[in-house]
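Structure, as structure tokens:
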Amino acid sequence: MNYVRTAILLAGLTALFMAVGYLIGGKSGMMIAFLVAAATNLLSYWNADKLVLSMQGAQEVDAGTAPELHAIVRDLAQNAGLPMPRVYIMDNPQPNAFATGRNPQHAAVAVTTGLLQALSHEEVAGVLAHELGHVKNHDTLTMTITATIAGAISMLAQFGLFFSGGNRDNNQGLGLIGTLLMVILAPMAAMIVQMAISRTREYAADRLGAEISGHPEWLASALGKIEEAAHAIPNETAERNPATAHLFIVNPLSGARMDNLFATHPATENRIAALMELAHQMSRLHGRDRGSSDQPAPAGPWGGSRPRGPWG
């Protein structure tokens with residue numbers, strides 16, 4: 001089903017891409033936009049994860065360079081029944097993380113240095129379990145491709161500023177007014193698509209991630225810390241690439257630019273409330289299973305005894 005949604009998304013974004021091309025250059029502009037969109041679609045499918053990781057300055061690490069982080073991902077992936085994804089660290093003070101890749105066999109998870117410094121071992125595990133939830137749900141293909149194509153649409157729309165005076169034939173385009181409208185509306189449309197993707201899928205990844213770790217409260221605690229830090233610590237890399245904002249577990253943007261008018265994530269307090277309700281349900285369920293309501297929920301993949309840090 002996710003592949004069908006991805007195909008629909010690609011078709012819709014391609015149509016939008018062609019519409020912008022038409023308004024800028026008429027039929028010839030539309031054909032050029034179609035060819036560029038086709039090339040972008042192919043590039044996005046095969047290499048979008050590499051592009052996104054490169055844009056964020058992510059560096060791959062292994063069991064030798066980041067043993068604690070690598071062990072967390074390995075244990076969670078095993079718990080989720082997933083292949084071991086590649087692991088990356090971004091040198092960024094803002095606590096945040098994302099997953100990418102066209103399928104679970106080609107997945108990658110990336111965390112910032114700020115996340116490793118600000119969160120406990122359990123909270124980091126909660127965040128990574130959420131990201132593996134996206135991988136298991138095959139969300140990463142759609143989300144990564146959207147980031148690539150939405151960024152391309154925004155750039156195409158900006159080109160209208162340079163070509164707005166060159167097409168005065170109403171049969172070939174809408175001229176200056178149409179171009180200016182598309183310069184505004186095309187990035188907005190792309191952001192709306194991102195918002196639709198993230199809002200529905202973050203809740204699902206929260207829930208699946210909580211099931212993978214066995215502790216919804218780990219992710220709930222992490223979300224609270226990340227949300228607070230995101231408002232105080234700017235993410236300059238994400239600000240330069242706002243089309244990637246929906247990939248992150250919490251919106252990394254400051255909201256200071258027009259690109260950031262659309263929230264790409266559900267309200268964090270609502271996500272935390274849903275996770276705490278899930279924790280309560282899991283506690284009651286395990287209490288009934290064990291014949292006593294005061295029995296604690298089972299520990300995560302490490303039995304609750306794994307030490308915190310160091311991270312690398």
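The values are calculated or read from the model by the stated rules, or taken from the named source; none is laboratory data. Predicted model only: the values in this text are computed from it and were never measured. All Cβ positions, even for glycine, are placed from backbone atoms using ideal geometry, and neighbour counts span all protein chains on display.
When region 43-61 is filtered for residues that are in a strand (DSSP E or B) and of a type in the set (S, T, N, Q), only Q59 remains.
Can you tell me which of M55, M90 is under 21 Å from I226 (Cβ atoms) and touching a strand residue (DSSP E or B) at 6+ places or on another chain (Cβ under 7 Å)?
Details: M55 fails: touching a strand residue (DSSP E or B) at 6+ places or on another chain (Cβ under 7 Å).
One residue alone meets the criteria, M90.
Taking region 62-98 on its own, how many of its residues are part of a loop (DSSP other than H, G, I, E, B), of a type in the set (A, V, I, L, M, F, W, C) and crowded, with 21+ Cβ neighbours inside 10 Å?
We begin by selecting, within region 62-98, every residue part of a loop (DSSP other than H, G, I, E, B); these are 62-66, 81-85, 91-96.
If we keep only those that are of a type in the set (A, V, I, L, M, F, W, C) as well, we get 63, 66, 82, 84.
Keeping just the survivors that are crowded, with 21+ Cβ neighbours inside 10 Å gives 66.
So the count comes out to 1.
If you go through region 57-73 and pick out every residue that is in contact with a Phe, Trp or Tyr (Cβ under 8 Å, 6 or more places away or on another chain) and either of a type in the set (D, E, K, R) or closer than 11 Å to A110 by Cα (or both), you end up with 6.
Every condition in (1) surrounded by 19 or more Cβ atoms within 10 Å (Cβ to Cβ); (2) at pLDDT 95 or above is met by K225 except one, and the failing one is (1). For residues in region 129-142 being closer than 17 Å to F248 by Cβ and surrounded by fewer than 24 Cβ atoms within 10 Å (Cβ to Cβ), which is modelled with the highest pLDDT? By that ranking, first place goes to N137. Being at pLDDT 95 or above and over 19 Å from L128 (Cα atoms) holds for only one residue in E236, E277, E217, and it is E277.
Put simply, of G81, G12 the only residue that is modelled with pLDDT under 95 and either among the small types (G, A, S) or out of contact with any Cys (no Cβ under 8 Å at 6 or more places or on another chain) (or both) is G12.
Hey, can you tell me all the residues within region 248-266 that are under 18 Å from N96 (Cα atoms), at pLDDT below 90 and not β-branched (V, I, T)?
Residues satisfying the conditions are L253, S254, G255, N260, A263, H265, P266.
Of all residues in region 213-228, those that are over 18 Å from Q281 (Cβ atoms) have Cβ atoms under 6 Å from Cβ atoms of residues that are not in a helix (DSSP H, G or I) and not acidic (D, E), 6 or more apart or on another chain, in A222/L119; I226/P95; I226/V250; E227/V250. The number of residues in region 34-56 being without any contact (Cβ under 8 Å) to a residue 24 or more places away in the chain and either within 24 Å of M90 (Cβ to Cβ) or out of contact with any Phe, Trp or Tyr (no Cβ under 9 Å at 6 or more places or on another chain) (or both) comes to 6.
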